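Take a look at the structure below.
The values are calculated or read from the model by the stated rules, or taken from the named source; none is laboratory data. As the structure is a prediction and not an experimental result, all values here were calculated from the model. Glycine also receives a Cβ, built like all others from the backbone with ideal geometry; neighbour counts cover every protein chain displayed. The area values use the complete protein model at the heavy-atom level, side chains included, leaving out ligands, DNA and RNA. Shrake-Rupley method; radii C 1.70, N 1.55, O 1.52, S 1.80 Å.
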Amino acid sequence: MSDNRVEIGSGRGVIVADTGGTWYVSSDAPSARLADVAAAVKERPAGRLLARRLAALLTSDAADDVPPFGLVAEMDEGVLVFLSGAVEAAVTASDGTRTVLSGRSAATWIDRVFADDVDSIVVAPSVDDVPTTAPPFSLAVGVVPGGWFRRGAPGAVGDRDDDAAPRNAD
């Protein structure tokens with residue numbers, strides 16, 4: 001999953017794609033703490049340091065001001081999935097095994113590192129509401145409004161050229 005481009009779908013929230021990771025914030029309301037999350041990701045800390053920095057934000061006195069979010073980032077050990085609040089992630093391995101994680105089920109956050117055999121990762125308020133077909137939009141780097149993102153299959157995002165135009169919805 002070394003390709004940082006993502007497929008995005010409509011909804012109420014913000015999607016950020018950067019070389020340091022891809023993340024989804026399930027609120028369109030501005031938050032000063034959102035800038036802190038962005039700074040932790042943008043610095044591209046190595047290894048598990050990114051997860052520790054995000055955890056520090058969620059254990060601070062202002063933790064209640066951090067909106068629910070989900071993050072996917074490459075690590076030496078594999079792919080990090082970090083969820084806080086009302087956000088889910090569905091991770092599909094190359095053998096078809098699907099693992100669903102939910103930030104709702106944790107008092108603080110969920111974080112997990114998956115081996116490199118990950119085929120796709122979907123992050124959304126509810127992964128069951130995400131279509132299984134490829135949406136018409138993808139994002140390499142930037143910030144856009146959106147309701148969910150997928151890295152990997154089914155749209156073969158990683159197989160597209162960097163300057164390819166968005167796919168037309170069929």
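Within segment 74-97, being part of a strand (DSSP E or B) and either hydrophobic (A, V, I, L, M, F, W, C) or at pLDDT 95 or above (or both) holds for Met75, Val79, Leu80, Val81, Phe82, Leu83, Glu88, Ala89, Ala90, Val91, Ala93. In the set (1) open to solvent by 70 Å² or more (accessible area, probe 1.4 Å); (2) among the β-branched types (Val, Ile, Thr); (3) over 14 Å from the mean Cα position of the chain (by Cα), the condition left unmet by Val100 is number (3).
Could you list, in sequence order, the residues of segment 56-73 that are open to solvent by less than 60 Å² (accessible area, probe 1.4 Å) and not hydrophobic (A, V, I, L, M, F, W, C)? Please lay out each step first, then the result.
Initial filter on segment 56-73 (open to solvent by less than 60 Å² (accessible area, probe 1.4 Å)): 56-58, 60, 62-63, 66-73.
Those that are open to solvent by less than 60 Å² (accessible area, probe 1.4 Å) and not hydrophobic (A, V, I, L, M, F, W, C): Ser60, Pro67, Pro68, Gly70.
State yes or no: is Pro145 open to solvent by 60 Å² or more (accessible area, probe 1.4 Å), of a type outside the set (A, V, I, L, M) and at pLDDT 80 or above?
On the way: open to solvent by 60 Å² or more (accessible area, probe 1.4 Å): yes; of a type outside the set (A, V, I, L, M): yes; at pLDDT 80 or above: yes.
Yes: the conditions hold for Pro145.
Over 16 Å from Pro145 (Cα atoms), modelled with pLDDT under 80 and either open to solvent by less than 40 Å² (accessible area, probe 1.4 Å) or not in a strand (DSSP E or B) (or both): is that true of Asp28 in this structure? For Asp28, the condition - over 16 Å from Pro145 (Cα atoms), modelled with pLDDT under 80 and either open to solvent by less than 40 Å² (accessible area, probe 1.4 Å) or not in a strand (DSSP E or B) (or both) - is not met.
Please go through segment 74-90 and give me each residue that is crowded, with 23+ Cβ neighbours inside 10 Å and not polar (S, T, N, Q), ordered by number.
Start the filter on segment 74-90 by keeping residues that are crowded, with 23+ Cβ neighbours inside 10 Å, which leaves 81-84, 87-89.
Within segment 74-90, Val81, Phe82, Leu83, Val87, Glu88, Ala89 meet the criteria.
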